[in-house]
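Derivation of every value follows stated rules applied to the coordinates shown; laboratory data play no part. These numbers come from a predicted model, not from an experiment. FYI the Cβ positions are ideal-geometry reconstructions off the backbone, even for glycines, and counts take in every protein chain you see.
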Amino acid sequence: MAGESGKIDPMYQFQIEPLAQLDIAGYDVSFTNSSLFMILVLGALWLFMWGGMKRDLVPGRWQMAVEGVTGFVNNMLTSSVGPEGKKYVPLVFSLFMFILIANFMGMMPFGIVPGVHPFTVTSHLTITAVLAVISFGTVLIVGFWKHGLHFFSLFVPHGTPWWLLWLIPLIELFSFLIRPFSLALRLFVAMTAGHVLMKVLAGFVINGLNAEAAWVPLVVSIPSFILMIGITLLELLVCAIQAYVFALLTSLYINDAVNLH
Amino acid sequence: MPQISQILETYASQFFWLLIVFGLIYFTIGHGMLPKIEASMDARDRKIADDLAAAERARAEADNLGDSGAADLTAARNEAQAKSSAAKAKAAKDADARLAKADAEVSIKVAAAEAALSKATAKALAGIEAVAADAAADIVAKVSGAKVTPAQAATAVKAVMSHG
């Protein structure tokens, strides 16, 4: 779409464009297409939850869906943290649902309306970094709050031989500190790569149809299109898996902070 | 890659809007709506558990009632059996007693009858001796013309009859 005639830039979909200028304390906090999609995610999540608030004794379909998701997050926390994990359900649920719906929102076919294109909030490093910091910060706060300086014993696993005491804590510390980066990068890279791949394949389809030689659409466009259907389904799976991985790792890290191994 | 090339221009806006949106999600949805949904799930689970417990209690009660009913039935049957056997035993005893009494009466009567019979026989025999002695005296007088005293005739008849 962007760029010179006929060229499809697979990176254009990640472009942030200001929709309304806004400056607070010298910072440019303009309302952008990214902000718009965050608001859409909030609206969709609120609508989803609102539909499950009937609180019937025998749940309907919608209430069943909402209760299924909350029960899923609840189970994840109680199985990885234990009964104390109930306290962290709101946080993990918010992370999981925000990432899940943001991922799906980026897959919505809004592009059929001319001039509109979907934006994947979670394909931005700034967003995933903040989410990872929220997850990691919770672990740090809970860990030091509950155990004080004893939290550092996390870096000395049980049964470490004395002659490895100089090495193991170093490795443990490193693996602990790398968690926020792996959390942020995993989600960012998975979403970006998937969307680039889909856009490149879509470019093959369109450029093939526009080609002058008659054999090109048959050889390029149709196989690309068929492949794209599969890739799209795979991407939908990745959307759910990435949200699940983020939530699961967060609950495992919270388990470290609560139970110290 | 706009995510990196735009990062310096957009990070403030991204952080700002993400914190607003995520804060709203965390506080209004995570802490506002989620607990209500969990509360209704818990209430349902509790209700199901309570109903199951009540059903289990009712079943135990029914089992108990069935057991005690069976016990009652057995006791009643045993009692009836005992009563009927007692009645049978009593009836048999009564019958024996009546039989014995009747036996005794009958044997007294038989003894009396036998006594009367033997008396009558003795009387008849005595009568026959007298007649026979008379007849013997008559026959002797007619045949031989000899005079036989009645005492002689009676001893002769007695001797013959006791031999005969």
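Here the Gaussian network model covers chain A, with springs between Cα atoms less than 10 Å apart; of A:Pro114, A:Pro83, A:Pro223, A:Pro114 fluctuates the most. Among A:Ser79, A:Ser221, A:Ser175, the largest mean-square fluctuation in a Gaussian network model of chain A, built with springs joining Cα atoms closer than 10 Å, belongs to A:Ser175.
Shielding value for A:189-202 is 0, the average number of Cβ atoms from other chains within 10 Å of each residue's Cβ.
The stretch between A:Val219 and A:Leu47, if pulled fully straight at 0.36 nm per residue, gains 57.5 nm over its current Cα-Cα span. Per residue of A:19-28, other chain Cβ atoms within 10 Å of the residue Cβ number 2 on average.
In sequence order, the stretch A:17-27 has phi-based couplings of 10, x, 9, 8, 5, 7, 10, 10, 6, x, 9 Hz under the Karplus curve 6.51 cos²θ - 1.76 cosθ + 1.60, θ = phi - 60°, and Gly or Pro positions carry x. For the stretch A:137-150, backbone phi angles converted through the Karplus equation (6.51, -1.76, 1.60; θ = phi - 60°) give residue-by-residue couplings of x, 4, 4, 4, 5, 4, x, 6, 5, 7, 10, x, 6, 5 Hz, Gly and Pro being listed as x. Summary value for chain A: 22 percent relative contact order, contacts being C-alpha pairs under 8 angstrom separated by 6+ residues. Summarising the label geometry, the points placed 7 Å from Cα in the beta-carbon direction at B:Asp96 and B:Leu73 lie 3.7 nm from one another. Using the Cβ-Cβ distance between A:Ser182 and A:Arg55 with R0 = 25 Å, the FRET efficiency computed as 1/(1 + (r/R0)^6) comes to roughly 0.05.
If contacts are Cα pairs under 8 angstrom and at least 6 residues apart, what is the relative contact order of chain B in percent?
Values: 26 pairs, mean separation 17.2, N = 164.
Once divided by the residue count of chain B, the mean separation gives 10 percent.
Specify the residue with the greatest mean-square fluctuation among A:Ala193, A:Ala102, A:Ala247, computed from a Gaussian network of chain A linking alpha-carbon atoms under 10 Å apart. Looking only at A:Ala193, A:Ala102, A:Ala247, the biggest GNM fluctuation is shown by A:Ala193. Summary of the geometry: the stretch B:30-58 and the stretch B:140-164, compared by the centres of their Cα atoms, lie 135 Å apart.
For the residues A:Leu201, A:Leu19, what sequence is obtained by ranking on other C-beta atoms within 10 Å, fewest first? If you can, show how the numbers build up before the last one.
On the way: A:Leu201 21, A:Leu19 13.
Result, fewest neighbours first: A:Leu19, A:Leu201.
For the stretch A:130-261, averaging the sequence separation of C-alpha pairs within contact (under 8 Å, six or more residues apart) and dividing by the residue count gives a relative contact order of 38 percent. Between A:Val189 and B:Asp63, take the C-beta separation as r, use R0 = 60 Å, and let me know the FRET efficiency to the nearest 0.05. Once the sixth-power term is evaluated, E becomes 0.40.
Note on chain B: helix-only mean residue ellipticity at 222 nm, from DSSP H runs of 4+ residues weighted -39500 (n - 2.57) and normalised by residue number, equals -33000 deg cm²/dmol. Residues whose amide H comes within less than 5 Å of that of A:Asp9, counting only those at least five positions distant or on another chain, are A:Ala2 (H built at 1.01 Å from N in the peptide plane). Neighbour counts of other Cβ atoms within 10 Å put A:Tyr27, B:Tyr11 in the fewest-to-most order A:Tyr27, B:Tyr11.
When only alpha carbons are used to place a centre, the stretch B:60-95 and the stretch A:187-206 end up 89 Å from one another. Is any residue of the stretch B:47-91 close enough, with backbone N under 20 Å, to a label point placed 7 angstrom from the Cα of B:Asp103 along the Cα-Cβ axis, and if so, which? Residues B:89-91 qualify, since their backbone N sits under 20 Å from the label point. Per residue of A:119-128, other chain Cβ atoms within 10 Å of the residue Cβ number 4 on average. Ranked for footprinting exposure by Cβ neighbours inside 10 Å, fewest first, A:Leu22, A:Leu173, B:Leu117 give B:Leu117, A:Leu173, A:Leu22.
Computed extension gain for A:Leu164 through A:Glu84, at 0.36 nm per residue and net of the alpha carbon distance, reaches 25.5 nm.
For chain A, what does the helix formula give at 222 nm: sum of -39500 (n - 2.57) over DSSP H segments with n ≥ 4, over the residue count, nearest 500 deg cm²/dmol?
Numbers: 7 runs with 161 residues, N = 261.
Helix contribution divided over all residues of chain A: -21500 deg cm²/dmol.
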